[in-house]
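Structure first, commentary second.
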Amino acid sequence: MKEIVGRGKWASKAGFVLAAAGSAVGLGNLWKFPYMAGENGGAAFVFVYLLLLGLIGMTVMLAELTVGRHTQLDALGAYKKLSAKWAWVGGMGVLCAFLIMAFYTVVGGWAIKYFFGSFAGAANIDFGAFITAPMEPLIYTLVFCVLTWVIVFYGIGGGIEKASKIMMPLLFIFIIIIAVRSCTLPGAGAGLDYYLNPDFSKINGEVILAAMGQVFFSLSLGMGCMITYGSYLDRDSSLTQSAWMIPALDTTIAFLAGLAIFPAVFAFGMQPDGGPGLMFGILPQVFDKIPAGTFFAAIFFLLVIFAALTSAISLLEVVTAYFVDEKSVKRSVASVIGIMGIFILAIPCSLSMGALANVHVIPEIAAMNIPAMGFFDSFDFLTSKVMLPLGGLLLCIFVGWVWGTDKAIDEITEGGGKSFPLGGIWSILVKYIAPVAILMVFLSGFGVI
Ligand code: PFF
């Protein structure tokens, strides 16, 4: 294999947007968003999600891309360059990438198992037995890790961008096919009703925190991923355009995922209460009953693999860029160190479904709505509900008050050359509204206010 030297750059603007949208569109959209919406009030949840997306998500997206393009460095390096005292916030982002990848690669591995299993009928796989077994899921996790690593090894333009340019358009086509199939099944209406009928009585502090965590997770924000991707941009790229296009693509796919899943589940009289198991435990049984179900199941799980891969490469890139920029390690070595560390952390996550089910990393804290959790759930909880929103909060304070929105706007407008009519509003959002909103959601989610 040919060694990739230097930091690398996106080869085209469209390539960057696809890669960044690829990072955003992932298991969060296909696996988490539909079951969270279904459980937490349907359209009411979607409404809260969209509100937080507009208020916080897009604000933080633009801030991260700006810091990245300005510094042309990895997450830690970017903070350090602008203010040495803040380097640890970038470091927390790199740590977060490890923790997310630890459970992300496990679910990515499940998708690979289901893709191959779909040819013989994915419904024949006993989901519970499969994920609780010690060895088999780990082998699939390893396969997923290797696939992720190969793409990152080939660098920004040659690996990540090329892979995203192939996988993202296919993913889009596949999800439309599945959503149309699902919505046209007899009896699909009950699913649409469940998914879209707003039930505002379900909305409370905990649900709002879950929605905010989902905004950060789904948009790949709060851990320097968009700083890293932004750092491979040339100065003449439009950051404001990216800051709305990436969330728009991400939200469209998340919404389509719900349309793909719920109508089909209800059409066959199944219960959508599977939570995280919805995609693996219930959907294959639905496909089993659809004409040409094997075809639809294979397409669906290939779509899941593509979505998971384009996100996993961005997470591994956060780690790789850190080693390349901060430790002057070659990309090949940096990416190997990263993926090895990730796989080691993935082992207890996978085992926490079975052998280590009773090992609690986080104990129950009833007063703060926190249940006892094993490795997999703890890493998910710690990243989505704590580290990402905290990272986002700190980023807003950093850009708003330490680096300064004037300097950020100067970067966004390329020294005043480009227009940014919403600059004034964005400044207020970064400095006041987003941080206060994040803090309030935090406190109410954990039962403090
Ligand atoms: N956005 C991805 C998803 O929705 O599945 C997950 C993710 C990727 C989170 C990259 C954070 C990140 F930096």
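The values are calculated or read from the model by the stated rules, or taken from the named source; none is laboratory data. Computed from a predicted model, the values in this text were never measured in an experiment. Neighbour counts run over all protein chains shown; Cβ positions are idealised from the backbone, glycine included.
Looking at (1) among the aliphatic types (A, V, I, L, M); (2) surrounded by fewer than 21 Cβ atoms within 10 Å (Cβ to Cβ); (3) in contact with a Leu (Cβ under 7 Å, 6 or more places away or on another chain), which is the only condition residue 362 fails?
Only one criterion is unmet by residue 362, namely (3).
Take residues that are touching a helix residue (DSSP H, G or I) at 6+ places or on another chain (Cβ under 9 Å) and more than 15 Å from the ligand (Cβ to nearest atom) and tell me which of the helices (runs of 4 or more DSSP H) falling wholly in the range 205-287 contain 1 or more. Spell out the reasoning first.
Details: elements: 205-218, 225-230, 239-267.
Where helices (runs of 4 or more DSSP H) fall fully within the range 205-287 and carry at least 1 residues being touching a helix residue (DSSP H, G or I) at 6+ places or on another chain (Cβ under 9 Å) and more than 15 Å from the ligand (Cβ to nearest atom), they are 205-218, 239-267.
All but one of (1) more than 16 Å from the ligand (Cβ to nearest atom); (2) under 28 Å from residue 160 (Cα atoms); (3) among the hydrophobic types (A, V, I, L, M, F, W, C) hold for residue 351, so report the exception by its number.
Against the list (1) more than 16 Å from the ligand (Cβ to nearest atom); (2) under 28 Å from residue 160 (Cα atoms); (3) among the hydrophobic types (A, V, I, L, M, F, W, C), residue 351 comes up short only on (2).
For the condition out of contact with any Pro (no Cβ under 9 Å at 6 or more places or on another chain), among the polar types (S, T, N, Q) and either at pLDDT below 95 or farther than 22 Å from residue 139 by Cβ (or both), what is the one hit in 332, 311, 352? Step through it out loud before you land on a result.
On the way: 311 fails: either at pLDDT below 95 or farther than 22 Å from residue 139 by Cβ (or both); 352 fails: either at pLDDT below 95 or farther than 22 Å from residue 139 by Cβ (or both).
Within the list 332, 311, 352, the selection yields 332.
So for the range 181-190 (the condition being touching a residue at least 24 places away in the same chain (Cβ under 8 Å) and touching a Leu at 6+ places or on another chain (Cβ under 7 Å)), does at least one residue qualify? Even if it seems obvious, please write down each step before you answer.
Initially, the range 181-190 is screened for residues touching a residue at least 24 places away in the same chain (Cβ under 8 Å), giving 181-183, 185-190.
Narrowing further to those that are touching a Leu at 6+ places or on another chain (Cβ under 7 Å): 182-183.
Within the range 181-190, one or more residues are touching a residue at least 24 places away in the same chain (Cβ under 8 Å) and touching a Leu at 6+ places or on another chain (Cβ under 7 Å).
Can you confirm whether residue 47 is within 16 Å of the ligand (Cβ to nearest atom), in a helix (DSSP H, G or I) and aromatic (Phe, Trp, Tyr)?
On the way: within 16 Å of the ligand (Cβ to nearest atom): no; in a helix (DSSP H, G or I): yes; aromatic (Phe, Trp, Tyr): yes.
Considered against the rule, which asks whether it is within 16 Å of the ligand (Cβ to nearest atom), in a helix (DSSP H, G or I) and aromatic (Phe, Trp, Tyr), residue 47 comes out as no.
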